[in-house]
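The values are calculated or read from the model by the stated rules, or taken from the named source; none is laboratory data. Since the model is a prediction, treat every value here as computed from it, not as a measurement. Cβ placement follows ideal geometry from the backbone for every residue including glycine, while neighbour counts extend to all protein chains displayed. We work out accessible area using only protein heavy atoms, side chains counted, and drop any ligands, DNA or RNA first. Shrake-Rupley method; radii C 1.70, N 1.55, O 1.52, S 1.80 Å.
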Amino acid sequence: MMKKIIQQLTNSSRVLLASHANPDGDAIGSLLALGIALERLGQAVTLYNESAIPAVYRFLPSVDRIQKQLADPERFDTAVMLDCGGLDRVGSAVEAIAAIPTIVNIDHHATNTRFGQYHLVDVDACATSEIVYRLIQSMGLEMNLAMATAIYTGILTDTGSFRFSNTNRAAFSICEAMVAVGVKPSTVAQHVYGTYSLGRIKLLNLALDSIEISHNGSLSIMTVTREMLSDTGTQPEDADGLINYARRIQDVKVAALIHELENGNGVSKRRKRFHVSLRSDGSVDVSRIASNFGGGGHTAAAGFSVESSLAELKKTIYNLSEGLGGKCHLN
Ligand code: AMP
Ligand code: MN
Ligand code: MN
């Protein structure tokens, strides 16, 4: 499949590369690495993501090549979708992209829908950046510092700095190879984890304060409202990673972060739009829970979006805790 995809990409005259909206380090890293690689092969490429690139990833080489607008989508003969479990994950451009003649689906989500004509889906890969690394290897292309930094950042962030259950041998061997090319781990870590705005730290305070625990102690809920963002002068991206605090509480098997979305008022005033991030300790498959709500993800990390009132949504999430058991019964 890899050879066929390389053939398709090198035979295309205009290639669009895109990754999921509200991108994380893997969505941005895999997009940049493959974009730079194809360009070095002489391809005309356009890099697209509908969201602003979070501040912590703006240090990545060539990050300015990523466009927020998709002009004349009909000029592309091939679209490569990166880190998207479903085509709709790309956001508002989904229909324009669906009309592109050939779609290549490169991803590692357990819930990948196998959209597109070519699939390079490996649910055992620690990150889409791992798959992109292998693709670049089979192109016979020499790794440069820009690609290496992008791949290293994708793997570092998707494995939670080599702590999450998707951390595999490839995570270490590829990152070692990227360091050999010249990536400085301390520099990447300083950008990604060590340069937070004061507002982000204040948001952390509010988010920690919002944590609630189910009666049996197996489920935690953290809430980030629009008000918290405006009070601290922060952006939705500043909530990235906060859920890990709710997850690491003793006896918690599943953590949920309820994130109120922008302009989220629904049909009635009480109903709003929320994104829910789910994390598990590995004993519960949260991608199945997320799928039941129309979302998806991996065993230990998944998400979905809903329209609801906050109280109703919390009740729905608390109901999940009943199936989880747990040892500390509070009443
Ligand atoms: P997050 O909700 O951003 O914490 O994402 C956790 C994991 O679930 C990531 O791998 C996402 O790509 C995936 N995910 C989040 N929301 C959705 C959704 N609505 N549909 C499919 N996958 C999702
Ligand atoms: Mn992602
Ligand atoms: Mn990923």
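One equal scatterer on each Cα of the chain, no solvent, Debye formula: the resulting log10 I(q)/I(0) at q = 0.06, 0.08, 0.09 Å⁻¹ is -0.21, -0.37, -0.47. Between Thr316 and Ala52, the contour length at 0.36 nm per residue exceeds the Cα-Cα span by 91.9 nm.
The alpha carbons of segment 24-137 give a radius of gyration and a Dmax of 13.2, 36 Å, in that order. At an R0 of 51 angstrom, the distance between the Cβ atoms of Ile249 and Ser13 translates into a FRET efficiency of 0.45.
Where both residues lie in the chain, what percent of DSSP beta bridges are antiparallel, nearest 5? Antiparallel bridges: around 45 percent, rounded to the nearest 5.
Quick note on segment 2-193: its Rg to Rh ratio, both from C-alpha atoms and Rh being the Kirkwood radius, is 0.93. Taking the Cα centre of the chain as origin and assigning +1 to Lys and Arg Cβ atoms and -1 to Asp and Glu Cβ atoms, the resulting dipole is close to 240 debye. For the chain, lysine pairs separated by 8 or more sequence positions, or belonging to different chains, with Cα-Cα distances below 22 Å total 9. Solvent-accessible area of the chain (1.4 angstrom probe, protein heavy atoms only): carbon and sulfur portion equals 49 percent. Along its first, second and third principal axes, ordered by size, segment 198-323 spans 37, 35, 26 Å in Cα coordinates. Maximal additional length on extending the Val123-Phe172 stretch stands at 15.9 nm, based on 0.36 nm per residue less the C-alpha distance. Projecting each Cα onto the charge dipole of segment 165-290 (Lys/Arg +1, Asp/Glu -1 at the beta carbon, about the Cα centre), which of Ala180, Tyr193, Ala255 comes out farthest on the positive side? In segment 165-290, that residue is Ala255.
Figure legend: label point modelled 7 angstrom from the Cα of Asn205 along Cα→Cβ; residues of segment 223-260 with amide N under 15 Å from it are 228-234.
Rounded to the nearest 10 degrees, the inclination of helix 25-40 to the longest alpha-carbon principal axis of the chain is 0 degrees. In this rough spin-label picture, where each label sits 7 Å from Cα along the Cβ direction, the Asn292-Gln190 distance is 4.7 nm.
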